[in-house]
Each structure stands twice: as structure tokens, then as C-alpha cells.
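Q: One structure follows; several queries about it will come next.
The values are calculated or read from the model by the stated rules, or taken from the named source; none is laboratory data. Here the structure is a predicted model, which is why all the values come from computation and not from measurement. Neighbour counts run over all protein chains shown; Cβ positions are idealised from the backbone, glycine included.
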Amino acid sequence: MKKILFILVFFSAVLFIRLYSNFVTKTTSPLKTPESSSTATPTPTPILKQTTEVMMAGKNYQVSWIKVSDLNRLSLYSNLAEKKTTEGLKKTYSCQNLINAGFYDKSDHHLGLFVSGGKIINSELISSLFNGFFFITTDGIADIANSAPRKSLHLALQSGPLLWNGGNPQVLLIKNDELARRMVVLTTPKKEVYFLAIYDQDSPLQGPYLEDLPNLLLQFQKNTSVSITSALNLDGGGASAFSNQEVTLLEVTSVGSIFCLK
């Protein structure tokens, strides 16, 4: 009888130890804390659409743009000495957005006024084609004019032709005009700055005739409600490049300079 009682007590003790062990294991297991759950990948911020379509002679063209919300973030850099690719320039200057700037000649000289970081790199050129000046003054005012600015400048670029002036499209008569990708800088009544790339989506090196740009900009204004005061043509074709959050267009030949938005 004592032997049977001892066996019952022994097994009861073993059962109690196992149940207690299971209880301790379950109640002390790790739990997800607010700190650990906060490591989940955040939902990416949606990118605002920066592309629309315009049409000329039955052909659709894409217009992609960069809006410069802070003029202090915009710089103009020459690329005639180093001749870096725009991908290289983007890394060198930490550009979030980028577009090529003005024209240059076969001797690697900027055509017309070129001011970078307050320093005059090249002087004004008298030309009926390069008849526009885009500039930002040292006190942070952006404008496009048909004459060289007589102010203290942060940056300035002579290019052309003028596409819009005083809120009106200009009439262009271009000899030997060709279909090519086009780059444009424009200002609004609020002195905002936009950079545009106009191109054929199926063949991105192709685009409209230069003399069609004023009317295409009128369509852009209607599509986007971006009011245009003045607009100036930049270098285009194979020596053009553009990059925003949606679109990257690479050059075929070296670009002479870039506008870099940091």
C-alpha cells in the first residue's frame, strides 16, 4: 500500500513540474512591441505626374517638366572643359533634377552670355537667333528678357530664339528647320521657373520643328494651367539631356552646360 502511494505521489509531482514549465515558457515568450513593428517598410510618397501630351500636324509629343520651387537650389554649370556625361554631372553636383542649358561652338565656347555662381564665364553675343536671356539675380528674382540684364547676377544664360514674350507666343520663321527633341525654360507671372523637354515618346531623340514650339507651349499651358509669361529655347537634339522623377533622356553628344536642381 505504501509503495502504491509513493508511486502516485511521484507521478503527481512530475506532472506538476511539466505543467509549471509549460506555463512559464508561454508567458515569458517574446512579444512584438511598438518599437519592433515600426521597422516595417513605409509606404512610398506618390510622385506627382510631370508629363502631358501636345499635338502638331497629327503627331503627338510628350512634354515632361521640372518645376523649380526654390531658386536657391538651382545652379548653372559649364561642361566644356571636362565633357562629363550628364549621369556623371548628376553625381558630381548631387542634382535631383537636371536639364542641359545653352549652345556652344566647335571651339568649345559658350555662345553668348554665361554667368555661373556670380562669375561671368562668357560675355554677351549680338545675335538675332540667340535673342533671349534667362537669369536669376543675386536677390533671388528669375526672369527672361530680350536684352542682357544690367543687374547683379547669380546665374545667366543667353540662348534662343525667344518663344514667348510678355505673355504672347512669338512667330518664328526658321530656315532649314528640322524635327528634333527640344528643351525650353519658361517663367510665369509669379516668377516661377519651369524647364520642359518636348520629344517623341517612340523615338526620344526626335521632336517637333522649332517654329512649332510657341503653339505647342500654348497647348501645354491649356493642359497644365501653367501660365506662361516668357519662354526661351535651349540646346536640343543630340546635345540635349533631361532628368526628373519620371523621365530620363540621355545625350548623344556632350552637353555644353547644365541646369542642376539640388
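Q: Please name all residue pairs, on different chains or six or more residues apart, with Cβ atoms under 6 Å, provided the first residue is in the stretch 233-262 and is free of Cβ contacts under 8 Å to residues at least 24 places away in the same chain and the second residue is among the aliphatic types (A, V, I, L, M).
A: Listed by first residue and then by second, the contacts come to T253/A239.
Q: Looking only at the stretch 250-262, which residues are buried (at least 18 other Cβ atoms within 10 Å of the Cβ) and more than 11 Å from the chain's Cα centre (by Cα)?
A: E251, S254, V255, G256, S257, I258
Q: Then there's this: Could you please let me know if H154 is modelled with pLDDT of 95 or more, surrounded by fewer than 17 Cβ atoms within 10 Å (Cβ to Cβ) and either more than 14 Å from T229 (Cβ to Cβ) or in contact with a Leu (Cβ under 8 Å, 6 or more places away or on another chain) (or both)?
A: For H154, the condition - modelled with pLDDT of 95 or more, surrounded by fewer than 17 Cβ atoms within 10 Å (Cβ to Cβ) and either more than 14 Å from T229 (Cβ to Cβ) or in contact with a Leu (Cβ under 8 Å, 6 or more places away or on another chain) (or both) - is not met.
Listed here are the residues, each with its yes/no results for (1) over 22 Å from N244 (Cα atoms); (2) of a type outside the set (A, V, I, L, M); (3) in contact with a strand residue (DSSP E or B) (Cβ under 6 Å, 6 or more places away or on another chain); (4) modelled with pLDDT under 95.
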residue	(1), (2), (3), (4)
T39	yes, yes, no, yes
T43	no, yes, no, yes
L48	no, no, no, yes
K67	no, yes, yes, no
L76	no, no, yes, no
L89	no, no, yes, no
D105	yes, yes, no, no
G132	yes, yes, yes, no
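Q: When both residues are 6+ apart or on different chains and their Cβ atoms are under 6 Å apart, which pairs have a first residue that lies in the stretch 87-101 and is in contact (Cβ under 8 Å) with a residue 60 or more places away in the chain, and a second that is surrounded by 21 or more Cβ atoms within 10 Å (Cβ to Cβ) and of a type in the set (D, E)?
A: N100/D235
Q: If I ask for residues that are over 25 Å from F135 (Cα atoms) and modelled with pLDDT under 95, which ones from the stretch 175-202 would you list?
A: K175, N176, Q201, D202
Q: Which residues, counting only those in the stretch 125-150, are touching a Phe, Trp or Tyr at 6+ places or on another chain (Cβ under 8 Å) and not β-branched (V, I, T)?
A: Matches in the stretch 125-150: F130, A142, D143, A145, N146, S147, A148, P149.
Q: I would also like to ask the following. Just to be sure I understand, how many residues within the stretch 210-232 are free of Cβ contacts under 8 Å to residues at least 40 places away in the same chain and charged (D, E, K, R)?
A: Residues meeting the conditions: 2.
Q: Condition first: in contact with a strand residue (DSSP E or B) (Cβ under 7 Å, 6 or more places away or on another chain) and of a type in the set (D, E, K, R). Now tell me which residues in the stretch 172-187 satisfy that.
A: Within the stretch 172-187, R181, R182 meet the criteria.
Q: Step by step: first the residues of the stretch 168-194, then only those that are hydrophobic (A, V, I, L, M, F, W, C), within 20 Å of C260 (Cβ to Cβ) and touching a Ser or Thr at 6+ places or on another chain (Cβ under 9 Å), then the one that is surrounded by the fewest Cβ atoms within 10 Å (Cβ to Cβ). Which residue is that?
A: Within the stretch 168-194, the match that is surrounded by the fewest Cβ atoms within 10 Å (Cβ to Cβ) is V193.
Q: Looking at Y104, Y93 in this structure, which one is surrounded by fewer than 20 Cβ atoms within 10 Å (Cβ to Cβ), over 23 Å from T187 (Cα atoms) and among the aromatic types (F, W, Y)?
A: None of the others qualify; the one that does is Y93.
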